[in-house]
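See below for the structure under consideration.
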Amino acid sequence: MSDADALKEEIKKLNARATAKKMDLHDLSEELPLKWETILDVAQETYDAYKLLTEKRAELKSLTS
């Protein structure tokens with residue numbers, strides 16, 4: 001498996017994780033004001049997931065360019 005193929009597989013997993021975190025954030029927003037104390041944690045996890053996904057997509061783009 002090439003580096004690009006391995007990166008594509010990683011990106012697929014990261015995309016699923018980021019989507020799950022987005023849904024966690026959405027679900028939390030619907031539950032407010034319950035669990036308001038977790039807003040920052042859930043938001044940070046979502047941010048981190050999308051940041052890593054964006055970085056890996058950029059890495060793949062530079063590999064395939």
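The residue pairs whose first member lies in segment 27-53 and is farther than 18 Å from residue 11 by Cβ, whose second member is of a type in the set (Asp, Glu) and not in a loop (DSSP other than H, G, I, E, B), and whose beta carbons are closer than 7 Å, counting only pairs six or more residues apart or on different chains, are 42/24.
Could we say that residue 56 is assigned to a helix (DSSP H, G or I) and touching a residue at least 40 places away in the same chain (Cβ under 8 Å) here?
Details: assigned to a helix (DSSP H, G or I): yes; touching a residue at least 40 places away in the same chain (Cβ under 8 Å): yes.
So residue 56 fits the description; yes.
Against the test of being more than 16 Å from the chain's Cα centre (by Cα), surrounded by 11 or more Cβ atoms within 10 Å (Cβ to Cβ) and either among the charged types (D, E, K, R) or modelled with pLDDT of 95 or more (or both), the options 38, 46 yield a single qualifying residue, 38.
Please find, among 6, 16, the residue that is more than 15 Å from the chain's Cα centre (by Cα) and in a helix (DSSP H, G or I).
Details: 16 fails: more than 15 Å from the chain's Cα centre (by Cα).
That would be 6, the only listed residue that is more than 15 Å from the chain's Cα centre (by Cα) and in a helix (DSSP H, G or I).
Looking at segment 8-16, is at least one residue touching a residue at least 24 places away in the same chain (Cβ under 8 Å) and out of contact with any Lys or Arg (no Cβ under 7 Å at 6 or more places or on another chain)? Yes, segment 8-16 has at least one match.
The values are calculated or read from the model by the stated rules, or taken from the named source; none is laboratory data. Treat the numbers as computed from the prediction; the structure is a model and nothing was measured. Because the Cβ atoms are built from the backbone with ideal geometry, glycine has one as well, and the counts that use them run over all protein chains shown.
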